[in-house]
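*Asks:* Quick one: the structure is below, questions incoming.
The values are calculated or read from the model by the stated rules, or taken from the named source; none is laboratory data. Note that the structure is predicted; figures quoted are calculated from it, not measured. Cβ sites come from the backbone with ideal geometry, for glycine too, and all protein chains shown count toward neighbours. Keep in mind that these areas ignore ligands, DNA and RNA; they rest on the heavy atoms of the full protein, side chains included. Shrake-Rupley method; radii C 1.70, N 1.55, O 1.52, S 1.80 Å.
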Amino acid sequence: MTIIAVFNQKGGVGKTTTTANLAAAMAKNGLTPLAIDLDPQAHLTALSGLNPKVERTVYSFFNQQTPLSDLVTQLPNQVNLIPSHMELARVDMMLSQNRHDLRRLKKAMAEEMLSSSDTPVLIDCCPMLGVLSLSALMAADVVLVPVTAEYLAMNGAQQLDQTLKGLATKGLYRPRKVFINRYQRGHTTSEKVAHELTRRYGKDFCNTRVFESQSVLESVGQNKDVFSFAPDSEGAEDFSYLLDELIESGFIKVNM
Ligand SMILES: Nc1ncnc2c1ncn2[C@@H]1O[C@H](COP(=O)(O)OP(=O)(O)O)[C@@H](O)[C@H]1O
Ligand SMILES: [Mg+2]
């Protein structure tokens, strides 16, 4: 199944929220997704209610060659998570941006068959474009780009496009789709940004809008995905629709 990097070079656009909730939406549909927290801020790990020792996190894969499959924790919502740790920030100094180092994650995922026929993988990226994010882009089949309804978030998406163009010239083309997050009904900036994203990205801009919602905001404070926190909420519905659109458009391939 598909390996999805969730990325935007702007922070605070909803990369972690999207990873957590799309993974939860997949689990709700009977899949057993794997989420990888590849951000040294470890927000996905914290949001999942975990605070593991560094040797139990993805840092150990980069630092000590621990197999990724040894680092997987199953969450109560049936999502499998490889957690992160602050120490992961060292990876950007430990490894260089040569092809060999950047391919380590991809190679390990293939060798360990982490993305098998019934395991979609979501990688939560950090906003910096360093070894970690480039490794995620190399490992990924596709890139999902959340953009909040503000102009700087669109710039982040544009910067990412430059990066993806660079990869494509090296034979590493990665399709990407953009969607709007924290959309506010009747809010001028939200509407202008949605209009501009439609113009720029055409069919690569998702029809589904994830609205700014209290349920999503509060679920984070409760260390829960929005489906576990408020199954009938607008937030749960939005992420459910987003997953449906990504599957129906063929962007994400799953066996359900
Ligand atoms: N649709 C939404 N509605 C309300 N709050 C949201 C929504 N999406 C994200 N947030 C909030 O925005 C903040 C930033 O989101 P986060 O996923 O951490 O962004 P990133 O991973 O890109 O830095 C978090 O506090 C999160 O709870
Ligand atoms: Mg994040």
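*Asks:* So ALA42 ticks every box in (1) at pLDDT 95 or above; (2) of a type outside the set (Ser, Thr, Tyr); (3) more than 16 Å from ligand 2 (Cβ to nearest atom); (4) at positive phi but one. Which box is left unticked?
*Replies:* Only one criterion is unmet by ALA42, namely (3).
*Asks:* Looking at PHE211, PHE229 in this structure, which one is in contact with a strand residue (DSSP E or B) (Cβ under 9 Å, 6 or more places away or on another chain), modelled with pLDDT of 95 or more and away from ligand 2 (no atom under 16 Å from the Cβ)?
*Replies:* Exactly one of PHE211, PHE229 is in contact with a strand residue (DSSP E or B) (Cβ under 9 Å, 6 or more places away or on another chain), modelled with pLDDT of 95 or more and away from ligand 2 (no atom under 16 Å from the Cβ), namely PHE211.
*Asks:* Still on this model: Counting only residues that are touching an Asp or Glu at 6+ places or on another chain (Cβ under 7 Å), give me the strands (runs of 3 or more DSSP E) lying completely in the stretch 126-245 with at least 1 of them.
*Replies:* Fully inside the stretch 126-245 and qualifying: 176-183, 205-211.
*Asks:* Starting from the stretch 180-207, keep only residues that are of a type in the set (Gly, Ala, Ser), then list their pairs with residues that are surrounded by fewer than 17 Cβ atoms within 10 Å (Cβ to Cβ) whose Cβ atoms are within a distance under 8 Å, requiring at least 6 positions of separation or different chains.
*Replies:* SER190/GLN184
*Asks:* Among the residues of the stretch 157-164, is there at least one that is within 16 Å of ligand 2 (Cβ to nearest atom) and under 13 Å from VAL6 (Cα atoms)?
*Replies:* Checked the stretch 157-164: at least one residue is within 16 Å of ligand 2 (Cβ to nearest atom) and under 13 Å from VAL6 (Cα atoms).
*Asks:* Of all residues being among the charged types (D, E, K, R) and either over 16 Å from GLN65 (Cα atoms) or not in a helix (DSSP H, G or I) (or both) in the stretch 99-115, which is nearest to the chain's Cα centre (by Cα)? Just the residue, please.
*Replies:* Only one residue tops the list, namely ARG103.
*Asks:* Select from the stretch 228-239 the residues that are touching a Phe, Trp or Tyr at 6+ places or on another chain (Cβ under 8 Å) and open to solvent by 20 Å² or more (accessible area, probe 1.4 Å) and list them in ascending order.
*Replies:* GLU234
Residue-wise test of (1) surrounded by fewer than 15 Cβ atoms within 10 Å (Cβ to Cβ); (2) within 15 Å of ASP39 (Cβ to Cβ); (3) at pLDDT 90 or above.
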{"position": "THR119", "(1), (2), (3)": "no, no, no"}
{"position": "ILE123", "(1), (2), (3)": "no, yes, yes"}
{"position": "VAL131", "(1), (2), (3)": "no, yes, yes"}
{"position": "LEU137", "(1), (2), (3)": "no, yes, yes"}
{"position": "ASP141", "(1), (2), (3)": "no, no, yes"}
{"position": "PRO146", "(1), (2), (3)": "no, yes, yes"}
{"position": "ALA149", "(1), (2), (3)": "no, no, no"}
{"position": "ALA153", "(1), (2), (3)": "no, no, no"}
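*Asks:* Continuing with this model, one more query. Have a look at ALA42, ALA46, ALA23 and point out the one that is open to solvent by less than 10 Å² (accessible area, probe 1.4 Å) and touching a residue at least 40 places away in the same chain (Cβ under 8 Å).
*Replies:* ALA23
*Asks:* List every residue pair whose Cβ atoms sit under 6 Å apart, with the two residues 6 or more apart in sequence or on different chains, where the first one lies in the stretch 61-84 and is at negative phi and open to solvent by 10 Å² or more (accessible area, probe 1.4 Å) and the second, anywhere, is part of a loop (DSSP other than H, G, I, E, B) and among the β-branched types (Val, Ile, Thr).
*Replies:* ASN80/VAL72
*Asks:* Among the residues of the stretch 160-206, which ones are more than 20 Å from ARG103 (Cβ to Cβ) and β-branched (Val, Ile, Thr)?
*Replies:* VAL178, ILE180, THR188, THR189, VAL193, THR198
*Asks:* Restricting to the stretch 122-138, what's the tally of residues that are hydrophobic (A, V, I, L, M, F, W, C), in contact with a Leu (Cβ under 8 Å, 6 or more places away or on another chain) and under 15 Å from SER84 (Cβ atoms)?
*Replies:* Number satisfying all stated conditions: 7.
*Asks:* May I ask you to verify whether ASP161 is in contact with a strand residue (DSSP E or B) (Cβ under 8 Å, 6 or more places away or on another chain), open to solvent by 20 Å² or more (accessible area, probe 1.4 Å), away from ligand 1 (no atom under 15 Å from the Cβ) and not hydrophobic (A, V, I, L, M, F, W, C)?
*Replies:* For ASP161, the condition - in contact with a strand residue (DSSP E or B) (Cβ under 8 Å, 6 or more places away or on another chain), open to solvent by 20 Å² or more (accessible area, probe 1.4 Å), away from ligand 1 (no atom under 15 Å from the Cβ) and not hydrophobic (A, V, I, L, M, F, W, C) - is met.
*Asks:* Is it true that some residue in the stretch 87-98 is farther than 28 Å from ASN155 by Cα, out of contact with any Cys (no Cβ under 6 Å at 6 or more places or on another chain) and either part of a helix (DSSP H, G or I) or more than 15 Å from ligand 1 (Cβ to nearest atom) (or both)?
*Replies:* Within the stretch 87-98, one or more residues are farther than 28 Å from ASN155 by Cα, out of contact with any Cys (no Cβ under 6 Å at 6 or more places or on another chain) and either part of a helix (DSSP H, G or I) or more than 15 Å from ligand 1 (Cβ to nearest atom) (or both).
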